Structure formats: C-alpha cells, structure tokens
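Student: The structure's right below; bear with me while I get my questions together.
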Amino acid sequence: MLNRYIQFLNFSPLHGENMDVSCRLKMLFLIIYKFVLLESNSISSHQSLFSLEPSKLNLCIFASGSGSNFQQITEYFDKDNAVRIAALFCNNKEAYALERAKLLSVDAITFTRKQFYESDEVLLRLQELQTDWIVLAGFLWLIPANILIAYEGRIINIHPALLPYYGGKGMYGMNVHNAVIANKETKSGITIH
C-alpha cells in the first residue's frame with residue numbers, strides 16, 4: 001500500500017535549476033502530511049479511540065544523527081491542529097538530535113541495540129504514546145519485526161536520494177549528496193516510502 005505513495009523530489013544541483021532547501025522541505029512535509037492524512041482515513045476509528053489528543057495524529061520520529069530532518073518536521077507541524085510529534089526515538093546517545101528535541105520540548109527516548117532487537121521495550125513505548133505513525137528521518141538501523149507488524153502500513157522512511165541509486169551501507173546524510181556530486185549526476189532528490 002505504501003508503494004503507491006512513493007514520491008520523488010527531483011532537482012539539478014549542478015546546473016542551477018534546483019529548488020532551494022526551504023522549498024524542498026515544504027514539499028517534503030506536504031507529502032508526509034497528505035500521506036498520513038490519506039492513509040489515516042482508513043483508521044479513523046482507531047484515531048478517535050486511542051490518541052492522546054483525539055483531534056491529532058501522533059507521530060514518533062526515529063533519528064540516529066544530527067536530527068535536522070526531525071527538527072524541520074517538528075517545526076513544520078508545531079502549530080498544526082491535525083498532527084502532533086509525540087516523541088523522538090534515538091539509538092545514539094551522542095546524537096545531536098537529542099539536543100534538538102530538548103530545544104523543541106519534545107520527549108526523547110533513547111534505546112540500545114539489545115532493547116530494540118531483543119525485547120519489546122521500544123514497541124511498548126510506542127504503544128504507550130499511542131503512536132499513529134512512525135517517521136524514519138535519518139534512522140540507520142533496520143526496523144525489527146515486532147514494530148513492522150504492529151505498525152504495518154504506518155511507517156514512512158525518508159531517504160536522501162532517488163532510490164535505488166545511492167542506497168545501502170554508508171549512504172546517509174551528506175554522504176549521499178557528496179556521492180551524487182562526485183559522480184556528476186544531473187539530478188538528485190529524496191525518496192519517501
């Protein structure tokens with residue numbers, strides 16, 4: 001079901017035709033917003049029964065690094081009446097994303113590899129927060145089966161390249177953009193899936 005909503009934002013970074021960062025971010029958030037609202041129509045009874053704030057969808061964002069996408073998403077939805085950022089989940093206790101969460105007054109939850117893969121601790125926290133959607137924004141670990149099953153069809157991943165190009169090990173953040181420029185690509189963008 002998610003595949004029909006895969007969106008690409010193309011720009012030509014080497015030829016001066018690119019959208020500025022602000023414009024690309026606004027388009028990204030619009031896509032996420034529309035995606036979440038479109039899919040949530042099918043779970044409206046879940047929403048009204050279980051959300052912390054019945055009029056809002058609860059999003060939890062997973063990040064591993066600096067958290068720039070987390071910050072932009074949080075700021076974008078800050079005054080939105082339909083979406084609430086319930087928490088940041090982070091697998092790296094040194095990540096700058098945790099500082100951003102503090103500055104934005106968003107609860108931050110850190111966890112270890114063992115807690116993530118060998119227990120239900122992270123899943124239980126998601127359920128305690130009555131999470132409607134998970135957004136992977138620079139999160140570098142694979143999601144375990146227990147979370148995939150519990151949130152089937154309700155996980156969005158943001159990847160900073162046009163997949164299938166520039167994916168896989170080491171392809172995150174500026175590494176992707178540097179590889180695109182080094183290979184003299186004429187187009188780049190993001191994939192949301």
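The values are calculated or read from the model by the stated rules, or taken from the named source; none is laboratory data. Given the structure is predicted, the values throughout are model-derived calculations rather than measurements. With ideal geometry, Cβ positions are generated from the backbone for all residues, glycine too; neighbour counts draw on all protein chains shown. In case anyone asks, the SASA skips ligands and DNA or RNA and just uses the protein heavy atoms, side chains included. Shrake-Rupley method; radii C 1.70, N 1.55, O 1.52, S 1.80 Å.
Student: Find the residue count for the range 79-97, including only residues that are touching a residue at least 24 places away in the same chain (Cβ under 8 Å) and open to solvent by 50 Å² or more (accessible area, probe 1.4 Å).
Tutor: Selection size over the range 79-97: 4.
Student: What is the one condition in (1) within 23 Å of SER66 (Cβ to Cβ); (2) at pLDDT 95 or above; (3) open to solvent by 70 Å² or more (accessible area, probe 1.4 Å) that ARG100 does not satisfy?
Tutor: (3)
Student: For the range 74-99, give me each residue that is more than 18 Å from LEU140 (Cα to Cα), part of a helix (DSSP H, G or I) and touching a Leu at 6+ places or on another chain (Cβ under 8 Å).
Tutor: Of everything in the range 74-99, those that are more than 18 Å from LEU140 (Cα to Cα), part of a helix (DSSP H, G or I) and touching a Leu at 6+ places or on another chain (Cβ under 8 Å) turn out to be THR74, GLU75, TYR76, PHE77.
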